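Readers should treat all values here as calculations from the given coordinates under stated rules, not as data from a laboratory. Computed from a prediction, not measured in an experiment: that's the story for all the values here. Here the Cβ is made from the backbone with ideal geometry for all residues, glycine too, and neighbour counts use every protein chain on show.
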Number of protein chains: 4
Amino acid sequence: MSATCQDSFTQALAQIWAAHHGNNDGEVASYIPELTRADPNHFGLAIATIDGRLRTHGDVEVPFTIQSVSKAFAFALAMEAVGLHNIAPHVGLEPSADPFNAIVFDVENRPFNPMVNAGAIVTSAILLDHFGDEAFPTLLARFSAAAGRSLPVNEAVYQSESRTGERNRAIAHLLKANGHLPGDPDAVLDLYFRQCAIEVTAIDLALMGATAANMGQNPATGQSVFDVVAIRGMLSVMFTCGMYDHAGTWAFDVGIPAKSGVGGGILGVVNRQLGIAGFSPRLDRWGNSVRGVAAFETLSQEFGLHAFDCTNVGSAYLSSLIA
Amino acid sequence: MSATCQDSFTQALAQIWAAHHGNNDGEVASYIPELTRADPNHFGLAIATIDGRLRTHGDVEVPFTIQSVSKAFAFALAMEAVGLHNIAPHVGLEPSADPFNAIVFDVENRPFNPMVNAGAIVTSAILLDHFGDEAFPTLLARFSAAAGRSLPVNEAVYQSESRTGERNRAIAHLLKANGHLPGDPDAVLDLYFRQCAIEVTAIDLALMGATAANMGQNPATGQSVFDVVAIRGMLSVMFTCGMYDHAGTWAFDVGIPAKSGVGGGILGVVNRQLGIAGFSPRLDRWGNSVRGVAAFETLSQEFGLHAFDCTNVGSAYLSSLIA
Amino acid sequence: MSATCQDSFTQALAQIWAAHHGNNDGEVASYIPELTRADPNHFGLAIATIDGRLRTHGDVEVPFTIQSVSKAFAFALAMEAVGLHNIAPHVGLEPSADPFNAIVFDVENRPFNPMVNAGAIVTSAILLDHFGDEAFPTLLARFSAAAGRSLPVNEAVYQSESRTGERNRAIAHLLKANGHLPGDPDAVLDLYFRQCAIEVTAIDLALMGATAANMGQNPATGQSVFDVVAIRGMLSVMFTCGMYDHAGTWAFDVGIPAKSGVGGGILGVVNRQLGIAGFSPRLDRWGNSVRGVAAFETLSQEFGLHAFDCTNVGSAYLSSLIA
Amino acid sequence: MSATCQDSFTQALAQIWAAHHGNNDGEVASYIPELTRADPNHFGLAIATIDGRLRTHGDVEVPFTIQSVSKAFAFALAMEAVGLHNIAPHVGLEPSADPFNAIVFDVENRPFNPMVNAGAIVTSAILLDHFGDEAFPTLLARFSAAAGRSLPVNEAVYQSESRTGERNRAIAHLLKANGHLPGDPDAVLDLYFRQCAIEVTAIDLALMGATAANMGQNPATGQSVFDVVAIRGMLSVMFTCGMYDHAGTWAFDVGIPAKSGVGGGILGVVNRQLGIAGFSPRLDRWGNSVRGVAAFETLSQEFGLHAFDCTNVGSAYLSSLIA
């Protein structure tokens, strides 16, 4: 831990932003045509604490689509709605070493986990099956409550993916064929594409993260948004699977449960402490924001945020349990 | 967290032991002939705290071979010896969704991670290349320092695996062919087989875990055994890859960095708090001790040991950093 | 070659029929619901020669859907229509060791060959792209000309597969995503499902085979149906890929270019000599008719029909070419 | 078929040689160090007929190691020695779409076929198990009888592969682990490496091919070398698997049972007619000689040598069988 420890997060964010702003590696996502219109130079960093403080630097009010970051919260919602025991038969919990859009299933023919597209489509199917027409309104209301404001949907991105998402369409039909997708594939995909097109800013993501870190309660509004048990499961899956086939290296280097999206967002959750958001549209080969990953690496190192850092003493009262 | 929270760990261990002792699911490992001689009914549980307390129940002084639990500590040793930057070109950090003895490599033709056999054989090669003839004595001395006593080698198991380990022999030659194994495959395998044949008890494992939890320092002897940075890396890899292709489910259910071995041992490390050991020879289809897994699930739930449990507040001083 | 050689094919067919009629191994195809209505006891064998003779035994006038046998002729039609050079970028020519409905592509992201579902769907797309609304009428007219009668479509099977073919729907969308499917996936599948639902008898298949064997000219009607170069390509692909992941064993044991369908039909072509058809609905684990395979094995052995049998002297005038 | 049909094979070989001699695509094999010493410009073509004529052009007396071409004849020998029913449990007959040195097995954990390295190593094990110390002398004697002269072994290549063949060593140990390799892996590999290091010329290969084409009898010496049933099986496997993961395309374009080796040789057999050999050391990405493949394509087209060409009338007496 360097000298910055004594400085505020604000100062650290500014330094980290400056250190990585010149990095133009990576490419803006192109597989949804509308995403190519993103400004590749945008770069924003935001941290929200569970006691309601917010620190930011850069383009933290620029809207972008949440994309796969939504998978984590949708999975939490599904666990609350139907329980893991009703999800587990249709989607696993194992990291897979395959890209996010891989069409590869486990020995039980399920998607490997809810953080890859196939698994997230199953999550959507479960939500649609449970909530019916109220599925998307419910999900949007929860996401909004976590962010503390009413989140809009980017219609252009939604339409763009609806028209072009052939690979996800293939996945949905295959899940149907394998018996792991309740309901109509097209209706499920419509929910999935809408969910991915929800528009957020880096500040929104940081607040959503702080809500998760704060046992599911929005620290700013005080509203209880997610069940605490669902949060634990969500963080576990984010830690092992959230950064796709780069998740293990991320767990080693950064050690923060996180989820990235091809819109350029990365959300990290330091349990019981912080929500952290990075936003920058250029992606590396795993589909994660190049500058976002770099910023998280520095932040984790400087502030000892790694789940297994020696500064992380875990539950303070534990040793007192031993008589 | 149930009422047992107010009880001592000793009482909890006894209850958990009793709850799972009757479970005769699973099979004793047979791919090393000598392992089949294990008594399938053995079952021991041990917890060591970083302030030197030890709680146990059952067969905690029965010796068994450490097998793959050794991979975690050998990897820590290699990181200390040559640095991750010299290891990374030859072994990745990603979970692979494949069985422990899989012959599958990543896009750079490396083993996916150091917790599968292929990756652990690379670790052995790196140690042999660095320490030469002193490789095994050095490794054994470190393991012994972590356990707080001089650990023996089970010669019968070592000989048995040397004679029959055709699959590991295949892996070593393949790693050689791929340019990821410095040195002679046969010599590397000899080190690997010896390392796997180190004999421990559940108490030893718990103490080795407590040493890791205690920033690398043996809480009983006060001896500094492992570098604190290597420990963080070791725990990260254990969390994402330690339980083989069951690691994600374990991370979800138990949430404790852990490593299992086909000798029936499971070692868990609650960072800055506890080393936990389970020992019971019957294995599930992933190669993990059936009763051991069950005991860890209960322990984690009852005492809130999950890394992302709401009781885990992480680094206590963090929020004070924000001016 | 046994004594039956001196007998007529008629006699041989009767003997072979009798030898295998009692074999009730295998299961009627169930993945298209309508196919389960087939009578599992049906068994018919037919041979048509290129000089217009026809020999039959058993249920040779029972109609069944052509299913994947159509893939061979549709591929020939596509080669004629647009040339192999326009097909090759989108489908390979290599056997794949995968089941007929596998979702696995080659290093260029193409289906491995036109005999697996994915490749056959590409063939349909190419035909639809080339012939437009005339695609199915053209294909049906050609198939009918090869069989020497106007072939009907089984509407119930067509509807049944249209409603349930989720796996093929997934394949079509994936091909679209990979850039290997011109046109609209749903329209392509409609053509594909119709083509598979064309209804034939064993006699029809034998005549279609004789047309292929006779350099593309129907031996009974004298009508020229297929181009001779397309026939050579079609037979080559049938030989290496026609019996799915059992093709190599078939090439070894039987040595006749052949194509099977899950309706229970198998069509074999002995170049310049015979069309042979087997029909029996119970399928083995590769999706080939159990009794059909057995009948072909005996027929090939008894009459030296194997492409590399010592009795097969090939082109008679070849040696005269050497001055 | 072009005008050259009226010319002699000699003239055709000269024309084809001239057409492809300038093609410098591909690379000399480098995975056995000694092979890199080959002169990349060598190019020889030879045809031997079953009535004892020989036509050649170019470097047809330059020695090179037989390498994988040996797999076909060794497999024939094994079929004769122990029967297919004793081979089949340990090696399949299916093409695999994988490279020649792939470490991939079928659902029964066997090598896919005897033409990939893994399958050929099983063949060696079977020969060693059956013939003991006489295995290599027997094999060499047969190969020599097929070529009509005593073939030498290239000791430098044999030693070079013995020292460096780590990948094949891995395969052998893995086959042992899977229960598909009788005997000691090192002894089996010694036989395999020796067999691959047998030295031939293009003329030798053509004569070996003519022996196969001539029902196993050497047309020059009259010696009976291979059983006629083994020849049929050998040609079948060569047709479906002989050119590795390019076999299907070869079957489509060339249509001649063939086997290539990384020494630059390709052997083709036109059943009951010809042995054809090409030799040129530069290899394409599948491991087949670039110029050799090109020469075979032209030869097959010009002389109608494709197994399913319309000029190939097969067994002349067949139609007479129909009463």
* Lys/Arg +1, Asp/Glu -1 at C-beta; the stretch A:3-306 dipole; positive extreme among A:ASN109, A:GLY165, A:SER289 -> A:SER289
* To do: Can you pull a Stokes-Einstein diffusion coefficient for the protein assembly as shown at 4 °C (1.567 mPa s), Rh from Kirkwood over Cα pairs, as a whole number of µm²/s?
  => 39 µm²/s
* Volume per residue that the Cα convex hull of the stretch A:209-323 spans, once the total is divided by residue count, Å³ -> 118 Å³
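For peptide C:93-100, what's the mean number of Cβ atoms from other chains within 10 Å of each residue's Cβ?
Per-residue shielding by partner chains comes out at 6.
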* Set of the stretch D:38-66 residues, backbone N closer than 19 Å to the point 7 Å along the Cα-Cβ line of D:THR164 -> D:38-41, D:64-66
* Asked: Between the stretch C:42-92 and the stretch B:259-290, what's the alpha-carbon centroid distance in Å?
  -> 59 Å
* Asked: Once a ≥ b ≥ c are taken as the square roots of the eigenvalues of the Cα gyration tensor of the stretch B:178-253, is the result rounded (a/c under 1.5), prolate (a/b larger than b/c) or oblate (a/b not larger than b/c)?
  -> oblate
* To do: Count charges around C:ASP309 for me, please; just the other residues with Cβ under 15 Å from its Cβ, Lys/Arg as +1, Asp/Glu as -1.
  => -1
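Where the only charges are on Cβ atoms (+1 Lys, Arg; -1 Asp, Glu), what is the dipole of the stretch A:1-131 about its Cα centre, to the nearest 20 debye?
Working: 5 positive and 14 negative charges, 37 e Å.
About 180 debye.
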* Potential extension, A:ASP227-A:ASP51 segment - 0.36 nm per residue separation minus Cα distance -> 61.5 nm
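For A:GLU155 and A:VAL82, what does the FRET efficiency come to when R0 = 35 Å and r is the distance between their Cβ atoms, rounded to the nearest 0.05? Write out the running numbers ahead of the final one.
On the way: r = 29 Å, r/R0 = 0.84.
The calculated FRET efficiency here is 0.75.
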* From the backbone phi of the stretch C:111-126, what are the Karplus-calculated ³J(HN,Hα) couplings (6.51 cos²θ - 1.76 cosθ + 1.60, θ = phi - 60°) in whole Hz, Gly and Pro given as x? -> x, 5, 6, x, 9, 8, 3, 4, x, 5, 5, 4, 4, 4, 4, 5
* Asked: For helix C:202-213, what angle does its Cα long axis make with the longest principal axis of chain C, in degrees from 0 to 90 and rounded to 10?
  -> 90 degrees
* Report the equivalent ellipsoid semi-axes for the stretch A:75-199 in whole Å, largest first, defined as the square roots of five times the eigenvalues of the gyration tensor built from alpha carbon atoms. => 22, 17, 13
* Asked: Quick one: what does P(r) look like for the stretch B:45-133 with 10 Å bins over all Cα pairs, in whole %?
  -> 15, 38, 25, 20, 2
* Give a residue-ordered list of calculated ³J(HN,Hα) values for the stretch C:87-92 (Karplus: 6.51 cos²θ - 1.76 cosθ + 1.60, θ = phi - 60°; whole Hz; x for Gly, Pro). => 8, 3, x, 10, 8, x
* Asked: Quick one: putting +1 on the C-beta of Lys and Arg, -1 on the C-beta of Asp and Glu, what dipole do you get for the protein assembly as shown around its Cα centre, in Debye to the nearest 20?
  -> 0 debye
* Treating the angle as unsigned and between 0 and 90°, give the value, to the nearest 10°, between the Cα long axis of helix A:228-241 and the longest Cα principal axis of chain A. => 90 degrees
* Asked: So how tilted is helix B:185-196 from the main axis of chain B? Cα-based, degrees 0 to 90, rounded to 10.
  -> 20 degrees
* Asked: In the Gaussian network model of chain A, springs joining C-alpha atoms below 10 Å, which of A:GLU134, A:GLU199, A:GLU161 carries the largest mean-square fluctuation?
  -> A:GLU134
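What value, in deg cm²/dmol to 500, does the helix sum -39500 (n - 2.57) over DSSP H runs of n ≥ 4 give at 222 nm once divided by the residues of chain B?
Details: 12 runs with 139 residues, N = 323.
Helix-only estimate at 222 nm: -13000 deg cm²/dmol.
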* Asked: Simple spin-label model, 7 Å along Cα-to-Cβ: A:TRP286 to D:GLN15 in nm?
  -> 5.9 nm
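Peptide A:169-181: average number of partner chain Cβ atoms within 10 Å per residue? Don't skip to the end; give the middle numbers.
Numbers: counts 8, 12, 4, 4, 11, 8, 2, 5, 11, 3, 1, 0, 1.
Partner-chain Cβ atoms within 10 Å, mean over residues of A:169-181: 5.
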* Given labels modelled 7 Å from the Cα in the Cβ direction, how far is it in nm from A:ARG37 to D:ASP98? -> 4.7 nm
* **Charge dipole (debye, nearest 20) of chain C; +1 at Cβ of Lys and Arg, -1 at Cβ of Asp and Glu** => 280 debye
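Counting pairs of alpha carbon atoms under 8 Å apart in space and at least six apart in sequence, what relative contact order in percent does chain C give? Write down the numbers at each step before the final one.
Working: 674 pairs, mean separation 83.3, N = 323.
Reported as a whole number, the value is 26 percent.
Near D:VAL237, within a Cβ-to-Cβ distance under 12 Å, what is the net charge of the other residues, with Lys and Arg +1 and Asp and Glu -1? Don't skip to the answer; put the middle values down first.
Working: positive: D:LYS71, D:ARG232, D:LYS259; negative: C:ASP253, D:GLU94.
Summing Lys and Arg as +1 and Asp and Glu as -1 gives +1.
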* To do: Would you mind checking the radius of gyration and Dmax of chain C based on alpha-carbon positions, in Å?
  => 18.5, 63
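Within a Cβ distance under 12 Å of B:MET208, other residues only, what is the Lys/Arg minus Asp/Glu net charge? Please list the in-between numbers first.
Numbers: positive: B:ARG142, B:ARG149, B:LYS259; negative: B:ASP204.
Charge balance in the 12 Å sphere: +2.
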* Lys/Arg +1, Asp/Glu -1 at C-beta; the stretch B:3-304 dipole; positive extreme among B:ALA38, B:GLY52, B:PHE279 -> B:GLY52
